[in-house]
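Asks: The structure that follows is given in the form of structure tokens.
Just so it is clear, none of the values below were taken in a lab; they were calculated from the coordinates. Just so it is clear, the model here is predicted, and its values are computed rather than measured. Neighbour counts are summed over all protein chains in view; Cβ atoms, including those assigned to glycine, are modelled from backbone coordinates with ideal geometry.
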Amino acid sequence: MLALLLAWGCTGPGVEPPKGDSHGSAGSNGGGVGGTGGSAGAGGSGGLGNPAGAGGLGGTGGFNGPPPGMDASTPNPDDDGDAGPSHMEDGGVTHESAELVGPEYMGSVSNSAECSQAYATRGHEPIDTSGARHPLFLYFVGTQFVAGDASAQHDSPAPLAVTEAMARRGFVALSVQYDNDAIAWLSDHQNQLACLFAGDKPESLIAHACALPNVDCELGIATWGHSQGAYVAHSAHAREPRVRAVWTTGYGGDGSATLPVDRLRVVNGEADAGDNGTAAKLTTITGMTAEQCTEPDRCLREDGSGWIIVRKRDLAMPDTSSADHCWFDRPSCGSSMIVLEPNWVDPESDKAFALEANADWVARTTRR
């Protein structure tokens, strides 16, 4: 049965809606939280076939575990030693960050009509003693086909690494637990999205998140998602027009999306489901043209919107990685081991798909 779900999740039951999933089960997340400017804790005990848990989350100003070849004591390149924020070349502001237990909200269950289930949020916020308010960032994981699938949990290593990166760029950044089961994946998503983004629902995610004392949603909202979470992230603009930047991976597109194409970036593995890892499909998803897209691995407008293909050869361990639907947090969708792709999380990575570079684009686009 598990094998059937994994195969089904990677291909999907049909072309529309073009969503995928998060697959398999993973070991428990290990490690402690680093101190100020610290690196991640050591891996914890494994589970469900994982010989070792994923590294703990980096502390304030830290990063999510050292990649191979980098000692755990390596200082964070983003920490310039200054107690105050410093301006980046793209016009953003970099802060130290702190972990955040965000607000609960009421969401759907299997796309049910009622927003009847309490869901949690977790992430990071900028340390800012000025009392300033900040734009909002929301992360959505993929589908939970199997109970206990760590990759599909809102507090798994990948979303926490991303929220930490966005908090350093001055966003209150939340990873959202939401209605991400298989029935919701197969649905029309309308009730699911209403419970998340309907401004007239006081119990919705957006109502609670925008009410945080250090958030000003008029400064902009950014979303980031994987698979079903990518569909949710891209669809948010239709109900919440303050969404100004969307980053997705494991995504097949949505022809009904209202977000302007110059505010979307899609980063898919070359071995993603169906043709989602091809230049032709990504050109269509992002509203580009064949004449604009002359390079095989990326096609970006001057503002950075567009698409990037993650090639297996560009991953840190190409012999054991597949560059598929799950390229960023496990060797392949068939693996139960949570391992953040080193060339994605390494602060010094020069790859086009690197987390830091893509977080820069999200921050810059939200503010324009």
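Asks: Rounded, prolate or oblate: pick one for the range 102-158, where a ≥ b ≥ c are the square roots of the eigenvalues of its C-alpha gyration tensor, a/c under 1.5 means rounded, and failing that, prolate if a/b is larger than b/c, else oblate.
Replies: Here the range 102-158 falls in the oblate category.
Asks: Now a separate question. Using the Karplus curve 6.51 cos²θ - 1.76 cosθ + 1.60 with θ = phi - 60°, work out ³J(HN,Hα) for each residue of the range 355-368 in order, rounded to whole Hz, and write x for Gly and Pro.
Replies: Using θ = phi - 60°, the values come out as 4, 4, 5, 6, 5, 4, 5, 4, 5, 5, 6, 4, 8, 9 Hz.
Asks: For a quick protection proxy, order the peptides 285-293, 164-172 by their average other-Cβ count within 10 Å, most packed first.
Replies: 164-172, 285-293
Asks: Here's a follow-up. Apply the a/c threshold of 1.5 to the C-alpha gyration tensor of the range 202-254 and tell me whether it is rounded, prolate or oblate.
Replies: The shape class here is prolate.
Asks: Now, a different point. Given a Förster distance of 25 Å, report the FRET efficiency between M317 and A352 from their Cβ-Cβ distance, rounded to the nearest 0.05.
Replies: Numbers: r = 18 Å, r/R0 = 0.73.
Step by step, r from the Cβ atoms, then E = 0.85.
Asks: A98's amide H: which non-local residues (gap 5+, or another chain) put their own amide H closer than 5 Å, with H modeled 1.01 Å from N in plane and none for Pro or chain starts?
Replies: Answer set, sorted by chain and number: E125, I127.
Asks: Further, regarding this structure: Going out from 0 in 10 Å bins, what whole percent of all Cα-Cα distances in the range 328-368 drops into each bin?
Replies: 31, 37, 26, 6
Asks: While we're on this one: Using the Karplus equation 6.51 cos²θ - 1.76 cosθ + 1.60 (θ = phi - 60°), what ³J(HN,Hα) coupling, rounded to whole Hz, does each residue of the range 156-171 give in order, writing x for Gly and Pro?
Replies: For the range 156-171, the Karplus-derived couplings read 7, x, 4, x, 6, 5, 5, 5, 5, 5, 6, 5, 5, 9, x, 9 Hz, x marking Gly and Pro.
Asks: Continuing with the same structure: How long are the semi-axes of the ellipsoid equivalent to the range 203-304, from square roots of 5 times the Cα gyration tensor eigenvalues, in whole Å, largest first?
Replies: 28, 14, 11
Asks: I would also like to ask the following. Compute the Cα gyration tensor for the range 277-368, then decide on rounded, prolate or oblate, letting a ≥ b ≥ c be the square roots of its eigenvalues: rounded whenever a/c is under 1.5, prolate when a/b is larger than b/c in the other cases, and oblate in all that remain.
Replies: oblate
Asks: Now for a separate question. Per-residue HN-Hα couplings for the range 123-137, Karplus 6.51 cos²θ - 1.76 cosθ + 1.60 at θ = phi - 60°, whole Hz, x for Gly and Pro?
Replies: Each residue of the range 123-137 in turn: x, 9, 9, x, 7, 9, 7, 6, x, 5, 9, 9, x, 10, 10 Hz.
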